[in-house]
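Below you'll find the structure, written out as structure tokens, and then a few comments.
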Amino acid sequence: MNKIINEQFKSVFQNSENLSLLLVSIGPVQEFISEARKARDLWAGSYILSLATFRAMEPIFKKYTKDVIIYPQIEENPFYKLHNGNMVSPADLQFPTLPNHFL
């Protein structure tokens with residue numbers, strides 16, 4: 001697994017020797033959960049966090065490719081598919097599919 005990740009980084013950053021990991025966390029999640037009065041409030045909060053995570057990832061994979069995002073795996077994510085111009089069913093876009101952090 002580490003060898004695969006190393007190869008992905010090398011392919012993107014061939015001329016760079018100083019590589020770092022960046023963990024981005026969007027929150028606070030607890031406030032969204034504690035403020036929810038109904039299931040739809042909980043869904044809306046989760047969806048907003050999921051979409052915010054995707055929007056925070058966007059500049060990174062636009063500049064370097066999706067291969068530098070180690071976690072979560074976004075290739076099959078509906079937001080990512082839509083971003084790339086692929087067809088996505090409206091039902092798939094209704095689910096908050098990303099955690100509130102990425103590496």
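In the stretch 35-57, of all residues being more than 23 Å from residue 91 (Cβ to Cβ) and part of a helix (DSSP H, G or I), the one that is most open to solvent (accessible area, probe 1.4 Å) corresponds to 35. Do you know which of the residues in the stretch 8-34 that are assigned to a loop (DSSP other than H, G, I, E, B) and among the hydroxyl-bearing types (Ser, Thr, Tyr) is modelled with the lowest pLDDT? In this case the residue turns out to be 16. Selection of the stretch 70-96 for residues being touching a helix residue (DSSP H, G or I) at 6+ places or on another chain (Cβ under 6 Å) and outside any helix (DSSP H, G or I) yields 74, 88, 96. Among residues of the stretch 59-85 that are within 14 Å of residue 102 (Cβ to Cβ), those with a beta-carbon under 9 Å from a residue that is open to solvent by 80 Å² or more (accessible area, probe 1.4 Å) and part of a helix (DSSP H, G or I) at least six positions away or on a different chain give the pairs 79/55.
The values are calculated or read from the model by the stated rules, or taken from the named source; none is laboratory data. Just so you know, these numbers come straight off a predicted model, no measurement behind them. For neighbour counting, all protein chains shown are included, and Cβ atoms are generated from backbone atoms with ideal geometry for every residue, glycine included. In case anyone asks, the SASA skips ligands and DNA or RNA and just uses the protein heavy atoms, side chains included. Shrake-Rupley method; radii C 1.70, N 1.55, O 1.52, S 1.80 Å.
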